[in-house]
Amino acid sequence: MHISHDIWVWIAAALTLCIYSFLYKDNPFYKFAEHLLVGVSAGYLLVIDYYNNLLPNLITPVSKGMGVLLTTGQFTGSLAALVPGILGLIILTRMLPKVGWMSRWALGFYFGAYQGLIITGAMQANILAQVWGTFVKGGNPVFSVALFGDFFAHPGFGHIILAISGPLMIIGVICTLTYFFFSTEHKGIPGGVAKVGIVFLMIGFGASFGYTVMARVSLLIGRINFLLTDWLGLIR
């Protein structure tokens, strides 16, 4: 047993135990660790946002533009950064009830501009790319008669999976989309196709839930390994 002498390892171990103390019941130790995590995360994200967005996109160009304006008396394009800066400040008026209505101007401008800028990218990424990915993989169509030919020529589990995975994916996409198509009542053929879509949805949700559980168990194993190895030194 070789207990760590690093103060930061002890702090990390103490906070880990504080978080896991919630397994017994809600208590002040868990609340302290929870609030500390939220506070540190908020502060960290604020600093990251300052250096990645506010400083290069507002403070630096406005400072250069004001310097040129004061020395030469000429306006430069960098001063245009004042417009989004002012709109950002207007959004903060939501915290003041008497002038909170002004934030609607900035929000309206933001949502309108965002919709206009994102529509082409969203169409490409969320529709065209998805359609292409459904029918084509690696530059080859996912439904290929040649794959079935390979299976009949060389029967095996791997070949049958390659042959039917593409058609199953196409069928699953079509059936799932049919389930969410509410313009037609789900009766007859559309109803049967929608029921098949429900099966694919349940398989997808089950796989996603299983992956989430596996990720959480991996996280638990990692923390226990940290406590037993880095902190207590029971495992070397």
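Kindly check whether there is at least one residue in the stretch 92-99 that is part of a helix (DSSP H, G or I), exposed (fewer than 15 other Cβ atoms within 10 Å of the Cβ) and of a type in the set (Ser, Thr, Tyr).
Checked the stretch 92-99: no residue is part of a helix (DSSP H, G or I), exposed (fewer than 15 other Cβ atoms within 10 Å of the Cβ) and of a type in the set (Ser, Thr, Tyr).
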Only unsatisfied item for Thr184, checking (1) among the β-branched types (Val, Ile, Thr); (2) within 30 Å of Ala14 (Cα to Cα); (3) not in a helix (DSSP H, G or I), is (2)
I need every pair where a residue in the stretch 6-27 that is more than 17 Å from Asp230 (Cα to Cα) has its Cβ under 7 Å from the Cβ of a residue that is not in a helix (DSSP H, G or I), sequence separation at least 6 or different chains. Ser21/Asn27
Complete set of residues in the stretch 46-58 that are exposed (fewer than 14 other Cβ atoms within 10 Å of the Cβ) and within 26 Å of Trp105 (Cα to Cα): Leu46, Asp49, Tyr50, Asn52, Asn53, Leu55, Pro56, Asn57
May I ask you to say which residue of Ile198, Ile221, Ile160, Ile174 is out of contact with any His (no Cβ under 6 Å at 6 or more places or on another chain), at pLDDT below 90 and of a type outside the set (D, E, K, R)? Ile160
Can you tell which of Ala106, Ala33, Ala81 is in a helix (DSSP H, G or I), at pLDDT 95 or above, surrounded by 10 or more Cβ atoms within 10 Å (Cβ to Cβ) and touching a Leu at 6+ places or on another chain (Cβ under 7 Å)? Ala33
If we keep just the residues of the stretch 114-150 that are assigned to a helix (DSSP H, G or I) and touching a residue at least 24 places away in the same chain (Cβ under 8 Å), which is farthest from Gly172 (Cα to Cα)? Phe135
If Lys25 meets every condition in (1) touching a Pro at 6+ places or on another chain (Cβ under 6 Å); (2) of a type outside the set (A, V, I, L, M, F, W, C); (3) not in a helix (DSSP H, G or I) apart from one, which number is that one? (1)
Only one of (1) part of a loop (DSSP other than H, G, I, E, B); (2) over 30 Å from Tyr20 (Cβ atoms) does not apply to Val196, and that is (1)
Could you list, in sequence order, the residues of the stretch 136-182 that are surrounded by 16 or more Cβ atoms within 10 Å (Cβ to Cβ) and among the hydroxyl-bearing types (Ser, Thr, Tyr)? Thr176, Thr178, Tyr179
With the requirement that a residue be under 26 Å from Leu107 (Cα atoms), surrounded by 14 or more Cβ atoms within 10 Å (Cβ to Cβ) and of a type in the set (Val, Ile, Thr), what does the stretch 60-78 give you? Val62
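The values are calculated or read from the model by the stated rules, or taken from the named source; none is laboratory data. These figures come from a predicted structure and were not determined experimentally. Here the Cβ is made from the backbone with ideal geometry for all residues, glycine too, and neighbour counts use every protein chain on show.
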